[in-house]
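Undergrad: The structure's right below; bear with me while I get my questions together.
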Amino acid sequence: MQNKYKILLILFTIAHALCAQVSAPIQYRVPVETYVRSYVEPRLQTWLKWDRYEESTQQYKERTNETNRTAQIKKWENEALTIYKKKYTETINWDQFHIEGDYDPDNECFLIRSEQFGQLTVKVPRGKTAKEFIAYFDSAQVSSPDFYFADNYIGLDKLTFTLPNGQQAVYDSREQNTYAHLTISYDPELLNLADLNIKNREQKPVQHIKPQKLSDVDMQIPQTEIVNDETYAVIIGNEHYHYESQTRFSGNDAKVFYQYCTNTLGIPSRNIFSKTDATYGDMLTSIQFLKNAVKAKSGKVHLLFYFSGHGMSDIKTNGMHLLPVDCSSTTLQAALKAENLYRELADMQALSATVFLDACFSGKSDEGALTALVDGAGIEVTPRKEMLSGNLVVFSATTDAEIAYPYEEKQHRMFTYFLLKKLQESKGSTSYADLATYLINNVKSHAFDVNRKMQTPQVQTSKAISEVWKNWKLIKE
């Protein structure tokens, strides 16, 4: 898409205050551009969908012409900014304002400091008004906040201070305002009317990106002569999402982990359910595969469940979900609840059940925010820790609201790369305790070195195995 199709959203920014210093803008948890785009694009996708039973081809083209499309985008942009401001307002402690320094009689203003906004200058006339303002400021009420946006930041634009005697003073950053343009680039396929596919505008185009080179863990995969026919595994790598951003290297993660399962851990291929870009139906089928195996073997089996892809927590309950490729983070009814997965694995009563999750559940990803951040009750979601039962161990790529990052140089997700590396170095014969220590130390260190971000894997177990899980191994010798 040419630059002429980019939508320009004119947003206020601050250049100079009337006197002294002005507060610097504060970055919100989700950048403004990301928030607006993730609000607009799903609505635009729905709006562009053609129902042949309701309108003719000509009616569809007239409804979705460039003028109407631009008007709809502008409407949704304004809605997104209104919601964004409201959510931001709810995070502010409005009691954290105090007067700093003496009154400036030349410029007739007070300097007010806030922990969240820094220094603000408020115009107050000389004389009795200024004296009463400083005398009663500690009892002042703040109201009518407004904000401006610039370069994906949000700053305080306007705020009213009301004293007990009714006197008001207003902080206003726009007395000498300039303008900045924030360019929001939407999915080009949604903006090019000439290329619209009237039959189906529901899914985003999928680009299959092949790894550029083999990583060190992709080569010299250890071979074992052991036949680990008591272990059954599910391996899912979801990379090419229909309604969300792609995850980097999840497909390659699943492919190579499968090779380690068969070659290094000795699991027969017939014992493995492996799927890249799994739908919700595929994921339910994979769980049934494990149930059938446990039933057929009278519980005398070990279970392994690996997932690389997007995760999301329910904004209301904070419950974690694994996203199939045909599910949006806004429709978690069609996603696999981690709580249900853990319960079903525990209820199977296998000899052991091990889960590896290379996903994060905060609604953020290395490619940007998921669309559920827009419609939920909060900007950032902290996933709820699920209670485990049975013979279950869960290795997760992140802790709390962290992001699971890719390791670009190695063409794998960071967590999976070091999982594979430990299997390579130990030839599969590593205890769970050693594996946990290795993953936590290496992922945490390399995530900071490579991405300058924190990523801390965690291990959860049920109380039933709290004393024995550390000695478990993936390869059954």
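Undergrad: With the requirement that a residue be in contact (Cβ under 8 Å) with a residue 24 or more places away in the chain and either within 24 Å of His242 (Cβ to Cβ) or assigned to a helix (DSSP H, G or I) (or both), what does segment 53-73 give you? I'd like the intermediate steps shown before the answer.
TA: Residues of segment 53-73 in contact (Cβ under 8 Å) with a residue 24 or more places away in the chain: 57, 60-61, 64-66, 69-70, 72-73.
Listed by number, the residues that qualify are Thr57, Tyr60, Lys61, Thr64, Glu66, Arg69, Thr70, Gln72, Ile73.
Undergrad: Assess whether Phe395 counts as being modelled with pLDDT of 95 or more, in a strand (DSSP E or B), out of contact with any Cys (no Cβ under 6 Å at 6 or more places or on another chain) and of a type outside the set (D, E, K, R). Give the steps one after another, and end with the answer.
TA: Working: modelled with pLDDT of 95 or more: yes; in a strand (DSSP E or B): yes; out of contact with any Cys (no Cβ under 6 Å at 6 or more places or on another chain): yes; of a type outside the set (D, E, K, R): yes.
Criteria met by Phe395.
Undergrad: Looking only at segment 116-130, decide whether some residue is over 42 Å from the mean Cα position of the chain (by Cα), in a helix (DSSP H, G or I), surrounded by 15 or more Cβ atoms within 10 Å (Cβ to Cβ) and modelled with pLDDT of 85 or more. Steps first, answer last, please.
TA: Initial filter on segment 116-130 (over 42 Å from the mean Cα position of the chain (by Cα)): 124-130.
From what's left, in a helix (DSSP H, G or I): 128-130.
Next, only the ones that are surrounded by 15 or more Cβ atoms within 10 Å (Cβ to Cβ) stay: 130.
Applying the additional criterion that residues be modelled with pLDDT of 85 or more yields 130.
Yes: segment 116-130 contains one or more residues that are over 42 Å from the mean Cα position of the chain (by Cα), in a helix (DSSP H, G or I), surrounded by 15 or more Cβ atoms within 10 Å (Cβ to Cβ) and modelled with pLDDT of 85 or more.
Undergrad: Tell me which residues, restricted to segment 92-105, are in contact (Cβ under 8 Å) with a residue 60 or more places away in the chain and part of a loop (DSSP other than H, G, I, E, B).
TA: none
Undergrad: While we're on this one: Please go through segment 407-463 and pick out each residue that is over 20 Å from Val355 (Cα atoms), assigned to a helix (DSSP H, G or I) and out of contact with any Lys or Arg (no Cβ under 8 Å at 6 or more places or on another chain). First the steps, then the outcome.
TA: Going through segment 407-463, the residues over 20 Å from Val355 (Cα atoms) turn out to be 407-411, 425, 445-454.
Right, trim to assigned to a helix (DSSP H, G or I) and you get 408-410, 425, 445-451.
Glu409, Lys410, Glu425, Ser445, His446, Phe448, Asp449, Val450, Asn451, listed by residue number.
Undergrad: For residues that are surrounded by 17 or more Cβ atoms within 10 Å (Cβ to Cβ) and under 21 Å from Thr331 (Cβ atoms), tally how many sit in segment 51-82.
TA: Final tally of qualifying residues: 2.
Undergrad: Starting from segment 444-458, keep only residues that are modelled with pLDDT of 90 or more, then list their pairs with residues that are of a type in the set (Val, Ile, Thr) whose Cβ atoms are within a distance under 6 Å, requiring at least 6 positions of separation or different chains.
TA: Listed pairs, sorted by first residue: Lys444/Thr456; Gln455/Thr398; Gln455/Val443; Thr456/Thr399; Pro457/Ile440; Pro457/Val443; Gln458/Thr399.
Undergrad: Scan segment 445-459 and tell me whether some residue there is within 18 Å of Val256 (Cβ to Cβ) and aliphatic (A, V, I, L, M).
TA: no
Undergrad: Condition first: part of a helix (DSSP H, G or I), hydroxyl-bearing (Ser, Thr, Tyr) and more than 28 Å from Trp472 (Cβ to Cβ). Now tell me which residues in segment 274-328 satisfy that. Steps first, please.
TA: Residues of segment 274-328 that are part of a helix (DSSP H, G or I), as a first pass: 280-296.
Those left that are additionally hydroxyl-bearing (Ser, Thr, Tyr): 280, 285-286.
Matches in segment 274-328: Tyr280 only.
Undergrad: Search segment 349-378 for residues being crowded, with 21+ Cβ neighbours inside 10 Å and part of a loop (DSSP other than H, G, I, E, B), and hand back the single one that is modelled with the highest pLDDT. Break it down into steps so the answer makes sense when it comes.
TA: Taking segment 349-378 first, the residues crowded, with 21+ Cβ neighbours inside 10 Å are 350, 352-365, 369-374.
In the following step, the residues that additionally are part of a loop (DSSP other than H, G, I, E, B) were identified as 350, 359-363, 370-371.
Details: Ala350: 96, Ala359: 91, Cys360: 84, Phe361: 79, Ser362: 66, Gly363: 57, Leu370: 49, Thr371: 44.
Top of the filtered list is Ala350.
Undergrad: Moving to a separate point now. Checking Asp138 against (1) in a helix (DSSP H, G or I); (2) over 30 Å from Glu41 (Cα atoms); (3) touching a Gly at 6+ places or on another chain (Cβ under 8 Å), which test does it fail?
TA: With (1) in a helix (DSSP H, G or I); (2) over 30 Å from Glu41 (Cα atoms); (3) touching a Gly at 6+ places or on another chain (Cβ under 8 Å) applied to Asp138, the lone miss is (3).
The values are calculated or read from the model by the stated rules, or taken from the named source; none is laboratory data. Only a predicted model underlies this, so the values are computations on that prediction, with no experimental measurement involved. Backbone-built Cβ (ideal geometry, glycine too); neighbour counts: all protein chains shown.
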